[in-house]
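A.B. asks: Handing you a structure now.
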Amino acid sequence: MISLICHNEAATISFGEKLASILSPGDFICLDGDLGAGKTFLSKSIIHALGVTDYVTSPSYTIVNEYEGKYPIYHFDVYRIDDIDEMYEIGYEEYFYAEGICLVEWANMISELIPPSHYQIRLRMGAEFTSRIIEITGSTTELEKKLEAL
Ligand SMILES: Nc1ncnc2c1ncn2[C@@H]1O[C@H](COP(=O)(O)OP(=O)(O)O)[C@@H](O)[C@H]1O
Ligand SMILES: [Mg+2]
């Protein structure tokens, strides 16, 4: 497991940049944590670091937003999904199994659809107003090696 504290927004942006630099097409990232924990903020940092210059908004109403950066990026927020059928209706497989990067906020709400190989990122509030604790689990051994090498 990788665990770190980002004391302010700048630290989260810099972590997002590091993560983006070691992602490969097909990588799947689950983001969980309470409202305001920073799932969208970290996603935006990753998306911008992947070369997207468009304005990045939360996909909470659209469920999925697509970007074309260094790789295709599919940014989901599944909080408003009431029934798993809604995921089939939007054709989630087209995104989840494409050669892009998937970032899925509230992934635990659709756990049955999450591909087995993924990174799990959990965010939570730290002691200060602007600090966030970030934990990554999943197939992190390789990721850890890459992060250490940076
Ligand atoms: N260190 C930090 N990392 C991420 N976000 C932070 C940090 N400090 C303050 N924030 C603020 O916390 C809020 C996180 O909101 P958001 O990313 O929308 O949360 P979520 O998507 O998890 O509901 C943003 O307003 C952001 O500016
Ligand atoms: Mg969000």
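The values are calculated or read from the model by the stated rules, or taken from the named source; none is laboratory data. Everything quoted here is computed from the prediction, not taken from an experiment. Cβ coordinates were reconstructed from backbone atoms using ideal geometry, including for glycine residues, and neighbour counts include every protein chain displayed.
A.B. asks: Consider the range 57-83. How many of its residues are surrounded by fewer than 14 Cβ atoms within 10 Å (Cβ to Cβ) and over 16 Å from the mean Cα position of the chain (by Cα)?
C.D. replies: Total satisfying the criteria: 4.
A.B. asks: List pairs: first residue in the range 21-42 and touching a residue at least 24 places away in the same chain (Cβ under 8 Å) and within 15 Å of PRO59 (Cα to Cα), second residue within 16 Å of ligand 1 (Cβ to nearest atom) and aromatic (Phe, Trp, Tyr) anywhere in the structure, Cβ distance under 8 angstrom, at least six positions apart or on different chains.
C.D. replies: LEU31/TRP106; ASP32/TRP106; LYS39/TRP106; LEU42/PHE15
A.B. asks: What residue, among those in the range 37-56 that are more than 9 Å from ligand 2 (Cβ to nearest atom) and polar (S, T, N, Q), is surrounded by the fewest Cβ atoms within 10 Å (Cβ to Cβ)?
C.D. replies: Ranking the qualifying residues of the range 37-56, first place goes to THR53.
A.B. asks: Still on this structure, please answer the following. State whether one or more residues within the range 94-104 are under 24 Å from GLU9 (Cβ atoms) and more than 16 Å from ligand 2 (Cβ to nearest atom).
C.D. replies: Yes, because at least one residue in the range 94-104 is under 24 Å from GLU9 (Cβ atoms) and more than 16 Å from ligand 2 (Cβ to nearest atom).
A.B. asks: What is the residue count in the range 1-36 for residues that are within 16 Å of ligand 2 (Cβ to nearest atom), assigned to a helix (DSSP H, G or I) and either among the hydroxyl-bearing types (Ser, Thr, Tyr) or under 16 Å from ASN65 (Cβ atoms) (or both)?
C.D. replies: Selection size over the range 1-36: 1.
A.B. asks: Ok, one more. Can you name every residue in the range 93-150 that is among the hydroxyl-bearing types (Ser, Thr, Tyr), modelled with pLDDT under 90 and within 17 Å of TYR71 (Cβ to Cβ)?
C.D. replies: SER117
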